[in-house]
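The values are calculated or read from the model by the stated rules, or taken from the named source; none is laboratory data. Bear in mind that the values here come from a model prediction, so they are computed numbers and not experimental data. Here the Cβ positions follow ideal geometry from the backbone for every residue, glycine too, while neighbour counts run over all protein chains shown. Keep in mind that these areas ignore ligands, DNA and RNA; they rest on the heavy atoms of the full protein, side chains included. Shrake-Rupley method; radii C 1.70, N 1.55, O 1.52, S 1.80 Å.
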Amino acid sequence: MRLSTLFGHTLRQVPSKAQTTSHQLLLRAGIIRPPAAGIYTYLALGRRVLRKIEEIARQEMEAIGGQELLMPLTLTAEEIVADLCRKEIESYRQLPTLIYQIHTKFRDEYRSRVGLMEAREFIAKEALSFHLDSKGLNDFYPRIYQAYVNIFHSCRLETVAVETEVGHEFIIPCEAGKHTFMLCSECDYAAHAEEAEFAKTEVPQEVERAVEKVATPDCKTIAALADYVGVPTKRTLKAVFYATEGGEVVFVVIRGDFKISETKLKNALGSADLRAATEEEIFAAGAVPGYASPVAVGGVKLVADNSVLLGSNFVAGANEDGYHLMNVNYPRDFRADILADIAQAQAGYACPRCRSQLTETPGIEVGYLKCGERAAGALYLDQDGKAKPIVIGSYGIDLARLIAAVVEQHQDQRGIIWPASIAPYQIHLVVLGADEGAMAKAEEVYANLNALAYEVLYDDRDESAGVKFNDADLIGVPLRLTLSHRTLKENAIEIKLRWKEGYETIALDVLPRELERLLALRWRKHPDLQAVPPGELMSLFTNSQQGTTTCTICPNML
RNA sequence: CGGGGCGUAGCGCAGUCAGGUCAGCGCGCUUGGCUUGGGUCCAAGAGGUCGGCGGUUCGAGUCCGCCCGCCCCGACCA
């Protein structure tokens with residue numbers, strides 16, 4: 001492709017509406033354009049990237065037996081899936097089976113914020129697997145999990161697998177992310193912040209002493225109370241009131257040094273609807289805000305965090321304005337209707353698995369795996385002729401978001417650094433100077449590279465060296481070749497990798513051999529890289545090792 | 001869908017408070033010339049019903065009203 005005729009051009013200035021780095025670069029490099037808010041045209045370069053990603057997704061789905069369909073509306077809409085199951089799956093002989101499709105989806109109700117990261121229209125790779133029973137789904141699950149891992153690895157996207165109640169989410173940590181995640185600094189534990197578990201610190205158990213009422217004026221907060229009484233906050237009990245939609249008051253008790261995770265609380269209660277109780281409701285329940293006590297409280301549902309077990313002789317409210325109780329112990333002095341983990345994890349807390357420190361990061365989901373999707377009336381006949389429900393798993397990746405995520409992880413100040421697997425072109429050929437010798441040689445090289453079936457973006461424009469190099473860096477094709485009168489004097493060509501400083505000059509007659517060597521080393525075919533654990537891929541990109549033949553530029557990213 | 005902000009040339013912006021030499025700047029684009037290894041320089045040029053409708057006024061980009069669109073923060077999602 002000649003850059004002089006490429007449809008879509010680069011932008012020097014950053015569009016004012018683009019906030020995130022990936023959005024800015026995708027616009028500036030001429031990958032996408034917004035015809036309207038939140039929807040995007042893929043320009044010539046962008047379409048090529050998308051096509052490559054789609055192909056990677058297809059390969060991985062086909063590798064585990066997936067069959068591609070194309071359905072109207074959305075695949076996950078229950079009616080469509082249920083209808084499909086009813087009509088196509090009748091017998092146990094047809095199970096298990098895996099279908100998938102790649103299509104655009106609309107999410108009109110949401111505002112687009114960060115370009116392709118969250119567009120109103122996006123490109124979904126969705127898959128469904130159908131099984132005889134839960135065991136069948138569980139047996140299959142590792143295969144789809146691995147396929148997803150492979151897809152992300154192929155795109156050079158470093159993801160974190162977050163466990164959910166029904167499967168996994170693959171996320172990337174990034175500033176533009178809308179959700180907060182807790183990650184272990186040592187092991188691979190990862191979870192949504194609201195759902196994350198952690199190892200709660202213990203307080204040395206003491207001999208239980210008799211309850212004692214003490215005056216604590218103006219101690220309506222845990223901090224004030226702990227300060228006044230002279231104990232650490234972890235020796236206090238915090239009382240918080242919630243109300244369900246029906247107006248039922250829920251009394252929640254947790255050790256004073258922890259916060260409540262409303263998500264965990266909802267899960268413990270089995271109720272999705274929960275709000276803070278009003279003062280009137282608290283009084284009506286017979287409690288005193290600021291001095292509420294779990295001791296001898298009646299008529300309300302009492303939920304306690306299991307941290308009440310980790311300590312003794314707590315300071316708790318006396319249910320009387322201006323007074324607290326010392327030496328409150330569980331279960332001697334109060335009993336909870338529900339005793340569960342409802343504490344909110346925070347950065348610095350201990351990992352539930354390895355006790356290392358948890359860190360907190362914003363992130364965005366790029367893919368999900370869910371077990372136990374429902375489809376009304378989707379039944380099959382088993383060997384005995386009995387109708388049984390089909391067990392379904394559903395899986396998805398937003399390929400548009402995937403592109404944005406890759407750019408977030410692969411860029412520098414000059415522009416995008418495409419991983420070779422999804423780069424719009426393999427080679428960016430630059431010719432400098434308008435003298436006929438250089439142009440003629442460049443045309444010849446371009447023709448030869450095309451004949452060798454390389455994907456070449458050829459900058460044949462009459463532009464200065466600075467413009468050409470800057471555009472090349474912005475567009476981010478991994479391999480750049482430069483021809484000029486300078487190199488031609490030695491019958492040579494310069495070769496540069498986008499993610500490395502510096503370049504090398506090689507003789508023109510060894511160019512085909514060098515390209516063959518470099519481009520054959522795509523990571524999936526490269527034995528040295530197959531054994532690399534996923535988490536270490538990123539460091540490989542940045543700490544490239546040197547090659548061994550005449551061209552010493554590292555091929556790791558190709 | 002709530003709260004805040006912004007709509008002036010393809011892009012980025014100034015001008016609006018204090019109505020009248022106010023249709024401007026930079027980039028990009030076109031033409032010619034000089035350059036030719038990191039967004040060169042010079043010259044000439046094209047391009048805008050100042051988001052829309054209505055109002056106030058001798059006069060509106062500027063003031064008022066309504067509408068539309070967009071951006072940010074929430075809510076919600078993938």
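Figures for the structure shown
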{"item": "Any hit, segment A:311-329, residues being under 34 Å from the mean Cα position of the chain (by Cα), of a type outside the set (D, E, K, R) and not in a loop (DSSP other than H, G, I, E, B)", "result": "no"}
{"item": "Residue count, segment A:355-365 (criterion: away from RNA strand B (no atom under 11 Å from the Cβ) and open to solvent by 50 Å² or more (accessible area, probe 1.4 Å))", "result": "4"}
{"item": "Residues satisfying the stated conditions in segment A:375-412, i.e. in a loop (DSSP other than H, G, I, E, B), out of contact with any helix residue (DSSP H, G or I) (no Cβ under 7 Å at 6 or more places or on another chain) and charged (D, E, K, R)", "result": "A:D384, A:K386"}
{"item": "Filter result for the condition that a residue is within 16 Å of RNA strand B (Cβ to nearest atom), aromatic (F, W, Y) and either in a loop (DSSP other than H, G, I, E, B) or not assigned by TED's automatic domain parsing to the domain that holds A:G246 (or both), over A:Y368, A:Y291", "result": "A:Y368"}
{"item": "Criterion (closer than 27 Å to A:T97 by Cα and open to solvent by 10 Å² or more (accessible area, probe 1.4 Å)) met by exactly one of A:Y330, A:Y368, A:Y349", "result": "A:Y368"}
{"item": "Filter result for the condition that a residue is within 14 Å of A:G115 (Cβ to Cβ), open to solvent by 50 Å² or more (accessible area, probe 1.4 Å) and either in contact with a strand residue (DSSP E or B) (Cβ under 9 Å, 6 or more places away or on another chain) or within 16 Å of RNA strand B (Cβ to nearest atom) (or both), over A:Q13, A:Q19", "result": "A:Q19"}
{"item": "Among (1) outside the structural domain of A:V295 (by TED's automatic domain parsing); (2) surrounded by 13 or more Cβ atoms within 10 Å (Cβ to Cβ) - the single one A:E202 does not satisfy", "result": "(2)"}
{"item": "Segment A:422-463 - residue that is small (G, A, S) and either away from RNA strand B (no atom under 16 Å from the Cβ) or closer than 28 Å to A:I56 by Cβ (or both) and, of those, surrounded by the most Cβ atoms within 10 Å (Cβ to Cβ)", "result": "A:A423"}
{"item": "Which numbered condition A:A176 fails, given (1) open to solvent by less than 30 Å² (accessible area, probe 1.4 Å); (2) away from RNA strand B (no atom under 11 Å from the Cβ); (3) in contact with a Pro (Cβ under 9 Å, 6 or more places away or on another chain)", "result": "(2)"}
{"item": "Hits in segment A:456-476 (condition: within 22 Å of A:L511 (Cα to Cα) and in contact (Cβ under 8 Å) with a residue 40 or more places away in the chain)", "result": "A:V456, A:L457, A:Y458, A:D459, A:D460, A:A472, A:D473, A:G476"}
{"item": "Single unsatisfied condition, A:G136 versus (1) open to solvent by 30 Å² or more (accessible area, probe 1.4 Å); (2) out of contact with any Lys or Arg (no Cβ under 9 Å at 6 or more places or on another chain)", "result": "(1)"}
{"item": "Odd one out for A:K238, checked against (1) part of a loop (DSSP other than H, G, I, E, B); (2) open to solvent by 20 Å² or more (accessible area, probe 1.4 Å)", "result": "(1)"}
{"item": "Among residues of segment A:29-58, those that are assigned to a helix (DSSP H, G or I) and either in contact (Cβ under 8 Å) with a residue 12 or more places away in the chain or in contact with a Ser or Thr (Cβ under 6 Å, 6 or more places away or on another chain) (or both), counted", "result": "12"}
{"item": "Those helices (runs of 4 or more DSSP H) lying entirely in segment A:419-523 with at least 3 residues under 30 Å from A:L402 (Cβ atoms) and touching a strand residue (DSSP E or B) at 6+ places or on another chain (Cβ under 6 Å)", "result": "A:465-475"}
{"item": "Candidate set: segment A:475-502, residues that are among the hydrophobic types (A, V, I, L, M, F, W, C) and closer than 13 Å to A:V430 by Cβ; chosen: the one surrounded by the fewest Cβ atoms within 10 Å (Cβ to Cβ)", "result": "A:I495"}
{"item": "Qualifying residue in segment A:338-353 (condition: assigned to a strand (DSSP E or B), at pLDDT below 95 and within 16 Å of RNA strand B (Cβ to nearest atom))", "result": "no"}
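Residue-wise test of (1) open to solvent by 40 Å² or more (accessible area, probe 1.4 Å); (2) at pLDDT 80 or above; (3) among the aliphatic types (A, V, I, L, M).
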site	(1), (2), (3)
A:G246	yes, no, no
A:F258	no, yes, no
A:A277	no, yes, yes
A:G298	yes, no, no
A:A316	no, yes, yes
A:G322	no, yes, no
A:M326	yes, yes, yes
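Residue by residue, here is whether (1) in contact with a helix residue (DSSP H, G or I) (Cβ under 9 Å, 6 or more places away or on another chain); (2) under 27 Å from A:Q411 (Cα atoms); (3) away from RNA strand B (no atom under 16 Å from the Cβ); (4) among the small types (G, A, S) holds:
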site: A:L116; (1), (2), (3), (4): yes, yes, no, no
site: A:E169; (1), (2), (3), (4): no, yes, no, no
site: A:A199; (1), (2), (3), (4): no, no, yes, yes
site: A:K213; (1), (2), (3), (4): no, no, yes, no
